[in-house]
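One structure below.
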Amino acid sequence: MKSVKDAVSHMGAIQAQEYTLSKWAIALRTGSSNISEIDKAINEGAIIRTHILRPTWHFVTAENLDWMVKLCRDKLYKTYVSYCKALGINEVFSNKIIPVILSALENNNHLTRSEISEKLAAGNKNIDNSITNNILFIMEIEGLICGGKSKSGKHSYALTEEWVPQNANLISKEEALAKLTTKYFQSHGPATLQDFIWWSGLSSTDAKLGISLIKDILEEINLPGKKLLMIYSKPNKNDGRNLLHLLPPYDEFIVGYKDRTDLISKENHSKVMSSFGLFKPTVMLNGKITGSWKKKKIKNSPEIELSFFDGHTNGKKLYKEEVERLIHFLFNTH
């Protein structure tokens, strides 16, 4: 069983769109059934939730945050500057707001987005949530702030220089590219160049450079019309049991690839992801997505409802232990 920190580091980054369910994505990769283990890693600053890569919410380790931010910064900054312009946020305005937020977070005072909005309102800075969000994004991209401790189950923000140990040894862009490429193909391979470009948000030029920098440890798998890359690792012994999991929405098993045709049949794509980029929780069996699930409470009793694409219900028995584990994780039942 890997520690929370080791699991996140191995993956490079784990998408963390939905705060609580993204913790389940980590638990699946550690074998844990206790959300408290993931919360402990968050509250100790071992793993950080922030906007990075494409960009969207991701968990990364504290040690990897600095070089990842620097590697992604230029491209992400251009993206969010354009968003800010569309909202009417100019540099003069943001330069008035950012110091207020920095001051509010000083001395390890971790604040939720709502708490930050209250601080801005108290200073007569009447801005709506969309403006607040984009300013926070810009501050994350600049490396000024990052995810902090969990506050009553909610994400908070912290000053990066206070919360994350600063790296004394800065690495070059090429070293950062090599590290990110290694982490992707060791945890997501076999995958294509286009998959890596999608996941990382890198330009085609940088993604190709990253691959060239680690070509000595990459293996190629050539299929008709497709070249896959991976870093070889000794496979786990298969004792004949089915490999099954209940995956959270935006799990790396699905969202980590641009081409998902080997995971989900074409007729079922819309049952898993919408045209707006929304991903549902899914049922996985032996490397294929075979259904979806949702959580609910019946008479105050937590339940997980499974739906299978083939319409059959006999698969529910197969997932009985996994359902119980997920209920325990989400609802802290005993």
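The values are calculated or read from the model by the stated rules, or taken from the named source; none is laboratory data. Computed from a predicted structure; not experimentally measured. Ideal geometry is used to build each Cβ from the backbone, glycine not excepted, and the neighbour counts take in all protein chains shown. For accessibility, only protein heavy atoms count, side chains too; no ligands or nucleic acids. Shrake-Rupley method; radii C 1.70, N 1.55, O 1.52, S 1.80 Å.
Data for the structure
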| read-out | value |
| --- | --- |
| Count - residues of region 265-307 that are open to solvent by less than 70 Å² (accessible area, probe 1.4 Å), of a type in the set (Phe, Trp, Tyr) and out of contact with any Ser or Thr (no Cβ under 8 Å at 6 or more places or on another chain) | 1 |
| Enumeration of residues in region 134-157 that are surrounded by fewer than 17 Cβ atoms within 10 Å (Cβ to Cβ) and outside any loop (DSSP other than H, G, I, E, B) | 151, 154 |
| Given (1) farther than 23 Å from residue 172 by Cα; (2) open to solvent by 30 Å² or more (accessible area, probe 1.4 Å); (3) of a type in the set (Lys, Arg), index of the condition residue 54 fails | (1) |
| Pair list, Cβ < 6 Å and 6+ apart or interchain, from region 252-264 residues that are within 13 Å of residue 287 (Cβ to Cβ) and among the hydrophobic types (A, V, I, L, M, F, W, C) to residues that are modelled with pLDDT under 90 and open to solvent by less than 10 Å² (accessible area, probe 1.4 Å) | 264/272 |
| Hits in region 90-130 (condition: in contact (Cβ under 8 Å) with a residue 40 or more places away in the chain, open to solvent by 30 Å² or more (accessible area, probe 1.4 Å) and more than 16 Å from residue 158 (Cα to Cα)) | 130 |
| Boolean, residue 160 is over 30 Å from residue 101 (Cα atoms) and surrounded by 16 or more Cβ atoms within 10 Å (Cβ to Cβ) | no |
| Whichever residue in region 23-51 is touching an Asp or Glu at 6+ places or on another chain (Cβ under 9 Å), open to solvent by less than 10 Å² (accessible area, probe 1.4 Å) and not aliphatic (A, V, I, L, M) and, among such residues, is farthest from residue 187 (Cα to Cα) | 50 |
| Yes/no for residue 48 being assigned to a helix (DSSP H, G or I) and either at pLDDT 95 or above or in contact with a Pro (Cβ under 7 Å, 6 or more places away or on another chain) (or both) | no |
| Single match in 300, 286, 332 (criterion: of a type in the set (S, T, N, Q) and more than 25 Å from the chain's Cα centre (by Cα)) | 300 |
| Single residue of region 1-22 satisfying the filter (among the hydrophobic types (A, V, I, L, M, F, W, C) and assigned to a helix (DSSP H, G or I)) that is surrounded by the fewest Cβ atoms within 10 Å (Cβ to Cβ) | 21 |
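Here is a yes/no grid of residues against (1) outside any loop (DSSP other than H, G, I, E, B); (2) farther than 28 Å from residue 318 by Cβ:
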{"site": "196", "(1), (2)": "yes, yes"}
{"site": "199", "(1), (2)": "yes, yes"}
{"site": "207", "(1), (2)": "yes, yes"}
{"site": "212", "(1), (2)": "yes, yes"}
{"site": "228", "(1), (2)": "yes, yes"}
{"site": "233", "(1), (2)": "no, no"}
{"site": "242", "(1), (2)": "no, no"}
{"site": "245", "(1), (2)": "yes, no"}
{"site": "259", "(1), (2)": "no, no"}
